[in-house]
Amino acid sequence: MSISTTCRILLIGLTVVLSSQSSPAQTARVKIDQALVQTATLTDPVQIGFFIDDFMISEKQVTRLTIFDLNGDGFGEGDLARTFPSGSVYTIAPGKKAQAMMNVWSMGGNVKFTADSKDSPERFENAPDSVRAQGGIFAALLHGVRRNYKGYPLKLYLELNGDVTAVEMWGYDPRLMRYTPPPVMSRPVDTPVMKLIYLEKSVVDSVFAGPR
């Protein structure tokens, strides 16, 4: 079995807002945004053959099949499947067996942190041990964002793999993006200290007086 379940960026137009202005050139505005969409990618030929038959896809030379969970409610009817190398996209309506197989697909280990705008980043550095490392990453992002961007909203996507580290930012006001260097951490200066040891010696003389 070879299934990889990942989150990828899907570029979509979220809203079309009618403009209140009367100018013909301003009759509509289109807001372009991005959304994280969970995907499942199949590379095993036997599995690919089963699903393209179930989805009634007529292509014969499919080496990879990616299914997009568009609604975020699990893979199933109404979602999209994309075949490779052709790149064709299909709306799927899985049968009972295919749906049962897709019901167990899960990313696993998925962690999401949500912070109030006034929450201290240190709060997440002290997350429970099971997610403390992830909390530390989130805290570092909060520090950087709050230091360099004074506004709302801002959306960010970060990806690390064996070949590249990439970050994408969108949906923000460029006028509010200003670089602010991180604070300089003050360190105590080691000052040589001469230790003086005082030794006190008491001398007691005893005098005995009496008949000889």
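Between Ala140 and Val89, 0.36 nm times their residue separation minus their Cα-Cα distance comes to what?
The span from Ala140 to Val89 would gain 14.5 nm if fully extended.
Counting charges near Thr91 (Lys, Arg +1; Asp, Glu -1) among other residues having Cβ under 14 Å from its Cβ returns a value of -3.
Neighbour counts of other Cβ atoms within 10 Å put Leu160, Leu142, Leu36 in the fewest-to-most order Leu160, Leu36, Leu142.
Throughout, read-outs are computed from the coordinates displayed, never taken from laboratory work. None of these values were measured; they are calculated from a predicted model. So basically every Cβ, Gly included, is an ideal-geometry build from the backbone, and we count neighbours across all protein chains shown.
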